[in-house]
Structure formats: structure tokens, C-alpha cells
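A short worksheet on the structure shown next.
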Amino acid sequence: MSAGIKVAVLALAATLAGCSGWQSALDPQGPHARQIADLLWIFIAVCTAIWVAVCVVLWWALRRRRAERPDPLDLAPARERRLGHLVLGLGTATAVVVIAFAVISFLAQRNLQAATSNALTIHVMGHQWWWEVTYQDPEPSRSFITANEIHLPVGVPAKVVLETNDVIHSFWIPSLAGKMDQISGHTNEQELIASRPGIYRGQCAEFCGQSHAKMALLVIAS
């Protein structure tokens, strides 16, 4: 095996290794993360098909390159009509793909934001550079505060109320849900559901200062 092939195989293996684990959006462990991953793969598949089609057409055009005509203004009407129809068709197809992407994204976002009335409520306050986690309950004696760690029962939805005490933070548990910003003076909500027991790592996905890289948390589902 040549050195080039070995390097390519190692690079591919390293890339695939990053698609799984306790902090990967490509290894969903909850219904919300799975829906986001499915949406991502749809976008990748369609965009890849378009890219391949463009490359094939470009290769075909270069192979069939014709000699320059003596008179550039001497046009063939039938050929020009065919080219016009082709351009119109491709433009229409582009518009259809863009609109379809927009509709699919809107429907997915609406489904992800749907509220669950009987969800466990957890308040998460972002600080520089840690997470304050408050388990809320109508009975005050059953509410308590912890830091950088969230415990969830498997299969039970949890409504996470997100706020910040200083700068903008972004709450992200890749294996369970998408990103949600925490903005000063504004409250956002996100639902977390873990489909199976495990430990899932999250982090702040918005640069928030010197120790931003250390602003992580764990979600323990059991």
C-alpha cells in the first residue's frame, strides 16, 4: 500500500471517528437530535447530488468543446431555444430546491419548539464560565441548585429554561438537541429528551470570554 493511500485511509478513519461519541450531533441519542441529524443528512444528500451533477455536466462540456464559429452572431435558432429551455428548467429546479429546504427547515423547527405541558422544568443560568442548574418544583422544599451537571430520567421530556447572568452564551448538548442562545434580558426554552441511558457532554457554543473553552457540562440520563 502506497504512502498516499495510507494517509487517505488514516484521514478517513479519523474523520469517521469524530461522528460518534458523547458529544456528536451525528450520533443522536434523543428524538430532537435525531430529527436534526436526519435534516442534516437530507441537506447533505441533495447538495452532494447537485454538486456531482454540476461536475458531470462541466466534464461533458469540456469534452465536447467546439471550435469557434467564423461569425459569432450566426446563431442557430433551434439550438438557442433548447438552451433557453434548459436554463429556465434549471432555474426552476433551483427555486424548487431552495423552497423545499425552507419548508422542511420550518416544519422541523416548529416541531422542535413544540411545548410539552407535563415536562420536568430545569432552569439553567449561564455564567462566565460555568452553568448554574436549578431543578424547579411547585413544592419549594423539592427545588435545589447544582452546577455543570444535569440529571434526566430516560424518556421523560425536560423543559430547560435558559438565561444568562452576563454575556451571551449558547447552550448545546449535541447528542440530545440543537443550540439555543442565552441572551441577557431574554428567556429561551428548550426541550431535552434522552432515549437511552448515558452520559452526554455539552458546552457553550458562543465565544464568551477567556475561559470559554472550559465552559462544559454533563447530562446524565438514567
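Here are the numbers for the structure shown:
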item: Residue satisfying condition, being of a type outside the set (D, E, K, R) and within 26 Å of Ile36 (Cβ to Cβ), within set His169, His127; result: His169
item: Count of region 184-198 residues which are in a strand (DSSP E or B) and at positive phi; result: 1
item: Residues of region 18-64 classified as among the aromatic types (Phe, Trp, Tyr) and under 15 Å from the mean Cα position of the chain (by Cα), total; result: 2
item: Every residue from region 199-216 that is assigned to a strand (DSSP E or B) and either open to solvent by less than 20 Å² (accessible area, probe 1.4 Å) or free of Cβ contacts under 8 Å to residues at least 12 places away in the same chain (or both); result: Tyr200, Gly202, Cys204
item: Test: residue in region 88-102 that is over 30 Å from Ala53 (Cβ atoms), of a type outside the set (D, E, K, R) and open to solvent by 40 Å² or more (accessible area, probe 1.4 Å); result: no
item: Any hit, region 199-222, residues being acidic (Asp, Glu), within 22 Å of the chain's Cα centre (by Cα) and over 16 Å from Trp129 (Cβ atoms); result: no
item: Members of region 114-166 that are among the charged types (D, E, K, R), closer than 14 Å to Leu218 by Cα and touching a Leu at 6+ places or on another chain (Cβ under 8 Å); result: Glu149
item: Unmet criterion (only one of (1) open to solvent by 20 Å² or more (accessible area, probe 1.4 Å); (2) out of contact with any Cys (no Cβ under 8 Å at 6 or more places or on another chain); (3) of a type in the set (A, V, I, L, M); (4) closer than 27 Å to Leu40 by Cα) for Ile168; result: (2)
item: Subset tally (residues that are closer than 18 Å to Leu192 by Cβ and either open to solvent by less than 90 Å² (accessible area, probe 1.4 Å) or in contact with an Asp or Glu (Cβ under 7 Å, 6 or more places away or on another chain) (or both)) for region 103-112; result: 3
item: Filter result for Gly178 (closer than 14 Å to His151 by Cα and either at pLDDT below 90 or surrounded by 20 or more Cβ atoms within 10 Å (Cβ to Cβ) (or both)); result: no
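The values are calculated or read from the model by the stated rules, or taken from the named source; none is laboratory data. Since this is a predicted model, take the numbers as computed values, not measurements. Neighbour counts run over all protein chains shown; Cβ positions are idealised from the backbone, glycine included. Just the protein is used for accessible areas: all its heavy atoms, side chains included, with ligands, DNA and RNA removed. Shrake-Rupley method; radii C 1.70, N 1.55, O 1.52, S 1.80 Å.
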